[in-house]
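Beneath this line is the structure, given in structure tokens, with notes to follow.
The values are calculated or read from the model by the stated rules, or taken from the named source; none is laboratory data. Note that this is a predicted model, so its numbers are computed, not measured. Neighbour counts run over all protein chains shown; Cβ positions are idealised from the backbone, glycine included.
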Amino acid sequence: MTLWDTSLPGMTRDEDEDDRPGSSGLLMSKFLEARTVLIFGGIDQKLAQIVSAQLLYLDHVNHDPIKIFINSPGGHVESGDTIHDLISFIDSPVAVIGTGWVASAGTHIFLGAPKERRYCLPNTRFLIHQPSGGAQGRAGDIAIQAQEIVKMRERLAQVIAEKTGQKIERVREDIERDYWMSTEEAKDYGILGTVINKGDQIKF
């Protein structure tokens, strides 16, 4: 049995995967034993299910700290919402560590942790912007989808403002277009707490 896939709901192993050293299932199981969760790549419903199961499982085992590493271009907003909300829902304290890039829905997840537990490695970039969508169908349906995107945009702006301390008017203006930030810019903006070089700099 591994903590990664075989005993958690919705997680299945590829048929050709085994428990040899270096295999992805065994490797990810070892990460979970260390209470470490990885969010790499696009954020979708499948990733949200896996990460949610991992967080809930670890919180069930005990309430020791959990580390989440994020390297993501973003993706599905509601999938990001699920992980964002679970970070504060569980009793275990969570630290997020950005690496590479933390963009769009990835930034939304990153903001799920309190500012003092938002870290990143030195060469990380951050991106905030408004949600986008490809509305299709009848005119009435397109109008409904457009209204929902506007409401989602305002909701995300409110979250960014609350989590960063920025005025909502500035956030609304900033997310009109892609707003990229270096580590220092993200720190000044209020997205990032601390830039770190070593694991022992993470404090709970």
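Based on this model, can you work out whether R117 counts as under 24 Å from I168 (Cα atoms) and surrounded by 18 or more Cβ atoms within 10 Å (Cβ to Cβ)?
Working: under 24 Å from I168 (Cα atoms): yes; surrounded by 18 or more Cβ atoms within 10 Å (Cβ to Cβ): yes.
Criteria met by R117.
Of a type outside the set (G, A, S), closer than 29 Å to T36 by Cα and at pLDDT 95 or above - does that describe any residue in the stretch 163-176? Outline the logic, then answer.
As a first pass, look at the stretch 163-176 and keep what is of a type outside the set (G, A, S): 163-164, 166-176.
From the residues that got through so far, the ones that are closer than 29 Å to T36 by Cα too are 163-164.
From the residues that got through so far, the ones that are at pLDDT 95 or above too are 163-164.
Checking the stretch 163-176: at least one residue is of a type outside the set (G, A, S), closer than 29 Å to T36 by Cα and at pLDDT 95 or above.
Yes or no: I168 of a type in the set (A, V, I, L, M) and crowded, with 18+ Cβ neighbours inside 10 Å?
Values: of a type in the set (A, V, I, L, M): yes; crowded, with 18+ Cβ neighbours inside 10 Å: no.
For I168, the condition - of a type in the set (A, V, I, L, M) and crowded, with 18+ Cβ neighbours inside 10 Å - is not met.
If you go through the stretch 168-204 one residue at a time, how many are aliphatic (A, V, I, L, M) and assigned to a loop (DSSP other than H, G, I, E, B)? Break it down into steps so the answer makes sense when it comes.
Pass one, the stretch 168-204, residues aliphatic (A, V, I, L, M): 168, 171, 175, 181, 186, 191-192, 195-196, 202.
Now restrict to residues that are assigned to a loop (DSSP other than H, G, I, E, B): 175, 191-192, 196, 202.
Result for the stretch 168-204: 5.
In the stretch 171-204, which residues are more than 16 Å from G106 (Cβ to Cβ) and touching a Pro at 6+ places or on another chain (Cβ under 7 Å)?
Passing the criteria: V195, N197, F204.
Which of the numbered conditions does Q147 fail, given that it passes all the others? Conditions: (1) exposed (fewer than 13 other Cβ atoms within 10 Å of the Cβ); (2) closer than 18 Å to F110 by Cβ.
Checking Q147 against (1) exposed (fewer than 13 other Cβ atoms within 10 Å of the Cβ); (2) closer than 18 Å to F110 by Cβ, the one that fails is (2).
Kindly indicate the residue of the stretch 155-165 that is assigned to a helix (DSSP H, G or I) and without any contact (Cβ under 8 Å) to a residue 40 or more places away in the chain and also surrounded by the most Cβ atoms within 10 Å (Cβ to Cβ) among those meeting that condition. Walk me through how you get there before you give the answer.
Keep residues of the stretch 155-165 that are assigned to a helix (DSSP H, G or I), which gives 155-164.
From what is left, the residues that are without any contact (Cβ under 8 Å) to a residue 40 or more places away in the chain are 155, 157-158, 161-162.
On the way: R155: 13, A157: 21, Q158: 13, A161: 17, E162: 12.
Among them, the one singled out is A157.
If the Cβ limit is 7 Å and pairs must be 6+ apart or interchain, which residue in the stretch 96-120 that is on the phi > 0 side of the Ramachandran plot pairs with which residue that is part of a strand (DSSP E or B)?
From the stretch 96-120, the pairs are G100/N71; S104/L127.
Being at pLDDT below 85 and among the hydroxyl-bearing types (S, T, Y) is the filter here; which residues of the stretch 120-151 pass it?
Within the stretch 120-151, just S132 meets the criteria.
Of the residues K30, K67, which single one is among the basic types (K, R), assigned to a strand (DSSP E or B) and farther than 19 Å from T164 by Cβ? Give the derivation first.
Working: K30 fails: assigned to a strand (DSSP E or B).
Among K30, K67, only K67 is among the basic types (K, R), assigned to a strand (DSSP E or B) and farther than 19 Å from T164 by Cβ.
Okay, residues lined up against (1) under 23 Å from E148 (Cβ atoms); (2) touching a strand residue (DSSP E or B) at 6+ places or on another chain (Cβ under 8 Å); (3) not charged (D, E, K, R):
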{"site": "D44", "(1), (2), (3)": "yes, yes, no"}
{"site": "L56", "(1), (2), (3)": "no, no, yes"}
{"site": "F69", "(1), (2), (3)": "no, yes, yes"}
{"site": "V77", "(1), (2), (3)": "yes, no, yes"}
{"site": "G106", "(1), (2), (3)": "yes, yes, yes"}
{"site": "L111", "(1), (2), (3)": "yes, yes, yes"}
